[in-house]
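Asks: Right, I'll just put the structure down here and ask away after.
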Amino acid sequence: MILEASDISFSYGSHQVLEDVNLQLKPGMTAIIGPNAAGKSTLLKCLSGMLRPKGKVRLEGITLTTLKQEQLTRQISFLPQEFNTTAVLTVYETVLLGRVHQLGWRVSDVDTRIVNQLMQEMKLTDIADRYLNELSGGQRQLVAIAQSLAREPSVLLLDEPTSNLDLRRQYEVCTLIRRLTDSRGISTALAVHDLNLASRYADWVYVIQNGKLRCGGEPQSVLTETLIAEVYGVEARVTIGQETRPVITVLGPVPVASSDFQSERDAGNDV
Amino acid sequence: MQGTTANDLNQAYERLGRRRLAVVVTVVMLVLVSLFLDVITGPAALSLPEVLTALFQPGSVSEATQTIVCTFRLPTALMAVFVGASLGIAGAEMQTILNNPLASPYTLGVSAAASFGAALALVLGSGMLAWTTTVFVPVSAFVCAMFCSLSIFAIGRIRGASTETIIVGGVALHFIFSSGVAFLQYMASEDTLAAIVFWIFGTLQGANWQKLAIIAVVMAVTTGLLMSRVWQLTALRLGESHARSLGINTERLRLQTLILVSILTATAVCFTGAIGFIGLLAPHLARILVGEDQRYFIPLSALSGAFLVSVAALITKLLIPGTIFPIGIATAAIGAPCFAALALWKRRSYW
């Protein structure tokens with residue numbers, strides 16, 4: 001399904017967080033990148049229908065606000081960044097809760113089959129009956145992702161799903177999300193900090209800066225040295241890796257605003 | 001290979017369900033045993049056969065025995081069970097919707113409000129004795145308890161209020177109503193003062209079949225409505241943003257639940273007075289025993305509450321033979337150390 005945002009703006013009180021953002025999520029994987037507080041999470045919340053921005057968000061041409069909550073929840077699954085809970089629930093129960101709107105008094109075979117399959121795919125079977133409070137931050141994050149996927153959504157919005165995972169798990173989870181995205185035809189968007197993850201797994205990359213959409217497109221056209229320096233204030237080298245996807249090597253931070261950076265470095269060379 | 005693992009997962013989940021069901025059944029039995037012991041003990045020296053005959057063959061015992069068992073002991077013992085269950089459920093859902101382990105009808109001032117209502121009725125109605133204790137006191141207690149609950153919710157509706165705000169508001173209400181009660185006590189005549197004090201301690205005496213029927217009906221209806229939302233309530237404990245992202249209208253769910261719980265609490269405490277610690281302790285016991293899948297958590301909170309109050313009722317009769325002291329003293333005496341022990345024993349491992 002295609003989820004489209006046209007001219008959406010959002011502010012918390014007088015603080016404008018998003019301004020006239022236009023973008024389209026198509027079946028496939030979209031990475032949303034940008035510095036902290038750029039508005040990535042707010043954008044995802046607006047796209048999920050949790051927040052109601054100015055402008056329009058449409059799912060297959062239908063405005064989200066006209067959809068019933070049930071339809072909305074069934075189609076669009078949003079995973080918030082934070083998952084802090086003191087609930088005394090097992091991993092299995094937590095993943096099962098992804099199906100909260102389908103669950104009956106007796107848990108149906110359909111629901112358990114979906115959960116079982118996901119638990120296997122995400123290698124969570126060994127910790128299925130552990131309680132949430134016994135898990136590490138990374139394990140919790142995996143459980144939360146599994147719960148999101150248990151909803152079997154058409155649009156999957158993940159807010160920094162890999163922030164607590166170790167290197168290997170980051171790639172495993174992204175590979176899994178990529179595979180499910182392709183096999184189920186999901187339109188997936190994930191907000192990430194790691195540009196190499198974005199570059200490697202995403203079909204499209206959107207860059208958010210100060211609440212505005214700076215640019216978007218295929219990774220190789222978006223992730224350039226200039227853009228990284230300007231958006232993140234970081235000096236990076238971009239080379240071409242597998243499947244012509246850019247590989248970013250960060251050299252170091254730019255201590256001052258990026259436009260000043262060039263002249264300052266030139267001045268340094270002169271000495 | 002994959003098939004067996006899925007099967008294993010299913011079996012493990014079913015095993016968990018069976019284990020929890022076993023816990024629920026065990027506690028049901030404990031409640032029945034406690035109820036039975038509660039009925040066969042009392043100041044009047046009745047033998048076990050006499051009590052049993054009175055219960056099962058009402059015609060063949062003396063009228064006095066019949067009256068003691070069926071008019072006093074049985075309704076009082078059942079009252080203990082129903083009030084305990086009501087408080088257990090109320091505490092469980094308050095902790096759930098406020099996401100706080102210290103929430104309960106007692107700590108949030110609902111019991112104090114009921115006490116205030118009762119004290120007010122006793123002071124104002126001291127002239128018309130018959131009506132005062134049977135109608136005026138429960139009604140006034142109910143109204144004040146509802147008022148307190150709805151105030152808590154109103155505090156929660158204030159823009160930007162978090163669940164912590166609601167807790168703080170509840171604690172403040174508790175102290176406001178307590179000071180109101182103290183003021184009324186100070187103003188009251190000696191007889192009225194005695195009545196107020198007795199009410200505040202919480203008492204099951206005065207239970208009758210009508211009151212029991214009211215509590216039973218209210219409990220059945222509210223619990224039924226809560227049970228129809230078990231999954232949403234379970235998901236609510238994953239945290240505000242998470243529950244919302246699951247498509248749960250958290251605000252509406254909280255409001256509905258709080259209203260149900262308020263009615264439940266107000267009904268329970270308006271007849272019996274402030275019975276402390278049950279609403280706090282019962283959900284914690286239930287959580288340790290079956291976790292927070294509300295399909296088990298709600299029934300077990302009810303059963304734990306019922307068991308605790310029933311045992312406390314038994315203790316109030318056994319401790320000083322020949323007399324029955326107010327049950328609120330017993331529940332606090334049992335509940336507070338248990339609660340402290342739980343906190344120390346479990347510490348970091350949960351909540």
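The values are calculated or read from the model by the stated rules, or taken from the named source; none is laboratory data. Remember, predicted model here, so these are calculated numbers, not experimental data. Here Cβ is always computed from backbone atoms with ideal geometry, including for glycine, and neighbour counts include all displayed protein chains. Accessible surface areas use protein heavy atoms only, side chains included; no ligands, DNA or RNA. Shrake-Rupley method; radii C 1.70, N 1.55, O 1.52, S 1.80 Å.
Asks: Estimate the FRET efficiency between A:Ser9 and A:Arg106 by the formula 1/(1 + (r/R0)^6), using the beta-carbon distance for r and 45 Å for R0, to the nearest 0.05.
Replies: Calculated transfer efficiency: 0.45.
Asks: What is the distance in Å between the Cα centres of the range A:224-257 and the range B:248-290?
Replies: When both Cα centres are located, 56 Å separates them.
Asks: Something else about it: Restricting to the protein assembly as shown, what percent of DSSP beta bridges are antiparallel, rounded to 5?
Replies: 60
Asks: Here's a follow-up. Per residue, how much accessible surface does the protein assembly as shown expose to a 1.4 Å probe? Answer in Å², no decimals.
Replies: 44
Asks: Averaged over A:146-153, how many beta carbons belonging to a partner chain fall within 10 Å of each residue's beta carbon?
Replies: 1
Asks: So how do A:Glu134, B:Glu190, A:Glu70, B:Glu50 rank on accessible area, 1.4 Å probe, biggest first, that is with the largest at the start?
Replies: Reading off the accessible areas and sorting them downward yields B:Glu190, A:Glu70, A:Glu134, B:Glu50.
Asks: Keeping all protein chains in position, work out how much accessible area B:His174 exposes to a 1.4 Å probe, and write it in Å² to the nearest 10.
Replies: It works out to around 40 Å².
Asks: When you take every Cα atom in chain A, what is the radius of gyration, and what is Dmax, the widest Cα pair distance, in Å?
Replies: 19.9, 76
Asks: Let me make sure I get this right: for the range B:133-226, a, b and c are the square roots of the gyration tensor eigenvalues over alpha carbons, sorted descending. Under 1.5 in a/c it's rounded, otherwise prolate if a/b > b/c, else oblate. Which is it?
Replies: oblate
Asks: How do A:Trp204, B:Trp209 stack up against each other in accessible area, from largest to smallest, with a 1.4 angstrom probe?
Replies: Result, largest first: B:Trp209, A:Trp204.
Asks: As a test of reading the structure, rank B:Ser111, A:Ser163 by solvent-accessible area (1.4 Å probe, protein chains only), most first.
Replies: So the residues, ranked largest to smallest area, are A:Ser163, B:Ser111.
Asks: Just which residues of the range B:1-47 lose 40 Å² or more accessible area with every protein chain there, against their chain alone, with the probe set to 1.4 Å?
Replies: The answer is B:Leu9, B:Asn10, B:Tyr13 - residues whose exposure falls by at least 40 Å² when every protein chain is included.
Asks: How many square angstrom of accessible surface are buried between B and A, both sides summed, with a 1.4 Å probe and rounding to 100?
Replies: 3100
Asks: Counting helices only, and only those DSSP H runs with n ≥ 4, report the 222 nm mean residue ellipticity of chain A as the sum of -39,500 (n - 2.57) divided by its residues, in deg cm²/dmol to the nearest 500.
Replies: -10500 deg cm²/dmol, from helical runs alone.
Asks: With heavy atoms of protein chains only and a 1.4 Å probe, what residues of the range A:50-82 have at least 50 Å² less accessible area in the full set of chains than alone?
Replies: Buried by the other chains: A:Met50.
Asks: If you don't mind, another one. Give me the residues in the range B:233-256 whose solvent-accessible area, probe 1.4 Å, is reduced by at least 20 Å² once all protein chains are included instead of the chain isolated.
Replies: By number: B:Thr234, B:Arg237, B:Leu238, B:Ser241, B:His242, B:Arg244, B:Ser245, B:Leu246, B:Gly247.
Asks: Would you mind classifying chain B by shape? Square roots of the alpha carbon gyration tensor eigenvalues, ordered a ≥ b ≥ c; an a/c under 1.5 is rounded, otherwise it is prolate if a/b is larger than b/c and oblate if not.
Replies: Oblate.
Asks: State the percentage of accessible surface on chain B attributable to carbon and sulfur atoms; use a 1.4 Å probe and exclude ligands, DNA and RNA.
Replies: Carbon-and-sulfur percentage of accessible area, whole number: 70.
Asks: Considering Cα pairs under 8 angstrom that are at least six residues apart, work out the relative contact order of the range A:156-196 and quote it in whole percent.
Replies: Computed value for the range A:156-196: 66 percent relative contact order.
Asks: Show that you can apply the helix-only estimate: for chain B, add -39,500 (n - 2.57) for every DSSP H stretch of four or more residues, divide by all residues, and state [θ] at 222 nm to the nearest 500.
Replies: -25500 deg cm²/dmol
Asks: Based on the Kirkwood radius over alpha-carbon pairs, what is the Stokes-Einstein translational diffusion coefficient of the protein assembly as shown at 20 °C with 1.002 mPa s viscosity, in µm²/s?
Replies: It comes out at roughly 78 µm²/s.
Asks: Which three semi-axes in whole Å describe the equivalent ellipsoid of the range B:219-291, each the square root of 5 times a Cα gyration tensor eigenvalue, listed largest first?
Replies: Sorted largest first and rounded, they come to 24, 16, 11 Å.
Asks: Could you pull out the pairs from A:Lys54/A:Lys123; A:Lys45/B:Lys346; A:Lys26/A:Lys212; A:Lys123/A:Lys212; B:Lys211/B:Lys346 whose alpha carbons sit more than 30 Å apart here?
Replies: Violating the 30 Å limit, Cα to Cα: A:Lys54/A:Lys123; A:Lys45/B:Lys346; A:Lys123/A:Lys212; B:Lys211/B:Lys346.
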